[in-house]
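Chemist: Structure provided below as structure tokens; questions to follow.
The values are calculated or read from the model by the stated rules, or taken from the named source; none is laboratory data. Values in this document were obtained by computation on a predicted structure and should not be read as measured data. So basically every Cβ, Gly included, is an ideal-geometry build from the backbone, and we count neighbours across all protein chains shown. Heads up: the accessible areas ignore ligands, DNA and RNA and are worked out on the full protein's heavy atoms, side chains in. Shrake-Rupley method; radii C 1.70, N 1.55, O 1.52, S 1.80 Å.
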Amino acid sequence: MKDQILTILQDTRPESDFANSENFIAESLLDSFDMVVLIGELEEQFNISIDGADVVPENFVSVEAIIRLIDSSR
Amino acid sequence: MRLKFDNGKLSGLLLVLPGHEQSFLDDMKNFEFPESRSLKLMKVMGYDKHRLVKNDVCSSDLVIHGFRHLFSSTKLDKDSIDALIVVTQSPDYFMPSTSSVIQGELDLKRDMLCLDISQGCAGFIIGFIQALSLLSQDCIRRVALVNVDVMSRKVNPRDRNSYPLIGDAASIAIIDQSSGTEIWANLKMDGARREALMIPAGGMRLPSSPETAKVEDSGDGNFRSKDDLRMDGSAVFNFVQTEVPPLIADIMDFSKKSDSDIRAYAFHQPNKFMLEKLADKLGIAREKVPMDVVERFGNNSGVTIPTVLATNLSSNLLASQGLYCLAGFGVGLTWASMIMPIGPLEFCEQIDYP
């Protein structure tokens, strides 16, 4: 799952180095509009529906945070 | 706060849209983002075209055009207007009020009330509540509720956060005294979160100056000045998703209505993505929530609810009465909803401002 998420992230922002980032939001690798695009991809590829209230920066700071979001959205 | 009325009804509605249409593909040329990223966003958010005023067109210009259409087509007798409420965040002047400008230009009677309200995306509900309050007076039998904004003049074209979704428009809603029409409303406000949607400069706190007009990189590739609208997209999204569902649940409880009683939901139109999430969270069919206003006209602030009524729902509103749930949410922060029967309206139409 981790590799799949990294691929989605790289497709969203090809110029960003997600693999070596500590915090995607703090390091400005993702902005709020990237989160929106990302949600569309995650919902499609993992067949989930992410609750609107979960669309907060804390859930997109790392691959681990995104995995937790996916798991809680199943 | 819960409010209940049974003294007024919506009789007619006119939507005025600028004739000039701009496409997102044209907007993209001003952004500092790769084209592929903007195109992905276009699909998810529902960006396509938006209606914008040209040059120096002001709020009152759209409204006066609308009233003249109603007068000349004999849909509205100008002497019947006892109160004019103008809800806007883009007034013609600091002073006088835009309602006074409109009254003067249209030569409306003097024995009337002119009132401006500074509100945005919840402005149709807030204005409607004010109109119903005024209609409790014997001498006020008809209120013209105007919602209008030309916010494109306060958004930087290089700000991809805000510019592609913004639209300009005006609406004129005629609200008449009427007994026996039950209307339920609720509203909440939170000024502690006021900076989520803000134009920092131009008021007395920070007057406009060459310094405030300087366009700067906001740090995320968007460019704007302190004279321009600034929106914290993430904060606004979270505000809508956390505050609006309980608001709708509360109005359902207050009115003792359920989803099966509601013909359609006329919600404020921030963007398609946000509305899809909201409909899902509320557990209502997406088909009952029109969500294409941003795609066709842009988010025109307090005019979005009238835009839904006058375009998506107009044929139903002209034909028969139904129960509708309206909700607005935005600047302030303010969130408000209303359940009321609407229809058959005397008029419900859309015209262009040349």
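Chemist: Among A:42, A:9, which is of a type in the set (A, V, I, L, M, F, W, C), within 14 Å of chain B (Cβ to nearest Cβ), within 17 Å of residue B:280 (Cα to Cα) and without any contact (Cβ under 8 Å) to a residue 60 or more places away in the chain?
Modeler: A:42
Chemist: Another question, if that's okay. Report whether or not residue A:17 is away from chain B (no Cβ under 14 Å), closer than 21 Å to residue B:222 by Cα and open to solvent by 20 Å² or more (accessible area, probe 1.4 Å).
Modeler: In short, yes.
Chemist: Can you say whether residue B:176 is closer than 30 Å to residue B:77 by Cβ, in contact with a strand residue (DSSP E or B) (Cβ under 9 Å, 6 or more places away or on another chain) and surrounded by fewer than 22 Cβ atoms within 10 Å (Cβ to Cβ), as far as the supplied structure shows? Walk me through how you get there before you give the answer.
Modeler: On the way: closer than 30 Å to residue B:77 by Cβ: yes; in contact with a strand residue (DSSP E or B) (Cβ under 9 Å, 6 or more places away or on another chain): yes; surrounded by fewer than 22 Cβ atoms within 10 Å (Cβ to Cβ): yes.
Yes, satisfied.
Chemist: Pick from B:284, B:305, B:262, B:251: which is in contact with a Ser or Thr (Cβ under 8 Å, 6 or more places away or on another chain), of a type outside the set (Gly, Ala, Ser), open to solvent by less than 40 Å² (accessible area, probe 1.4 Å) and within 29 Å of residue A:49 (Cβ to Cβ)?
Modeler: Working: B:284 fails: in contact with a Ser or Thr (Cβ under 8 Å, 6 or more places away or on another chain); B:305 fails: in contact with a Ser or Thr (Cβ under 8 Å, 6 or more places away or on another chain); B:262 fails: in contact with a Ser or Thr (Cβ under 8 Å, 6 or more places away or on another chain).
None of the others qualify; the one that does is B:251.
Chemist: Another question, then. Which of the residues belonging to the stretch B:313-346 are within 17 Å of residue B:173 (Cα to Cα), in a strand (DSSP E or B) and open to solvent by 10 Å² or more (accessible area, probe 1.4 Å)?
Modeler: Within the stretch B:313-346, B:341 is the sole residue that qualifies.
Chemist: Looking at the stretch B:264-284, is at least one residue of a type in the set (D, E, K, R), in a helix (DSSP H, G or I) and at pLDDT 95 or above?
Modeler: No - not one qualifying residue is present in the stretch B:264-284.
Chemist: I'd like to check which helices (runs of 4 or more DSSP H) are fully inside the stretch B:1-93 and have at least 1 residues that are away from chain A (no Cβ under 14 Å) and open to solvent by 10 Å² or more (accessible area, probe 1.4 Å).
Modeler: Working: elements: B:24-27, B:35-45, B:59-72.
Where helices (runs of 4 or more DSSP H) fall fully within the stretch B:1-93 and carry at least 1 residues being away from chain A (no Cβ under 14 Å) and open to solvent by 10 Å² or more (accessible area, probe 1.4 Å), they are B:24-27, B:59-72.
Chemist: So, of the residues in the stretch A:1-36 that are part of a helix (DSSP H, G or I) and of a type in the set (A, V, I, L, M), which turns out to be farthest from residue B:36 (Cα to Cα)?
Modeler: A:19
Chemist: Next question, about the same structure. With respect to the numbered conditions (1) closer than 29 Å to residue A:40 by Cα; (2) open to solvent by 10 Å² or more (accessible area, probe 1.4 Å), which one is the sole condition not fulfilled by residue B:354?
Modeler: (1)
Chemist: Now, a different point. Can you report the number of residues in the stretch B:180-217 which are assigned to a loop (DSSP other than H, G, I, E, B) and of a type outside the set (A, V, I, L, M)?
Modeler: 15
Chemist: Still on this structure: Being closer than 27 Å to residue B:32 by Cβ and either hydrophobic (A, V, I, L, M, F, W, C) or touching a Leu at 6+ places or on another chain (Cβ under 9 Å) (or both) is the filter here, so list the residues in the stretch A:42-62 that pass it. If you could, list the steps in order and put the result at the bottom.
Modeler: So the first thing to find is which residues in the stretch A:42-62 are closer than 27 Å to residue B:32 by Cβ, and the list is A:42, A:55-62.
Once the filter is applied, which keeps residues that are closer than 27 Å to residue B:32 by Cβ and either hydrophobic (A, V, I, L, M, F, W, C) or touching a Leu at 6+ places or on another chain (Cβ under 9 Å) (or both), the stretch A:42-62 yields A:42, A:55, A:56, A:57, A:59, A:60, A:61.
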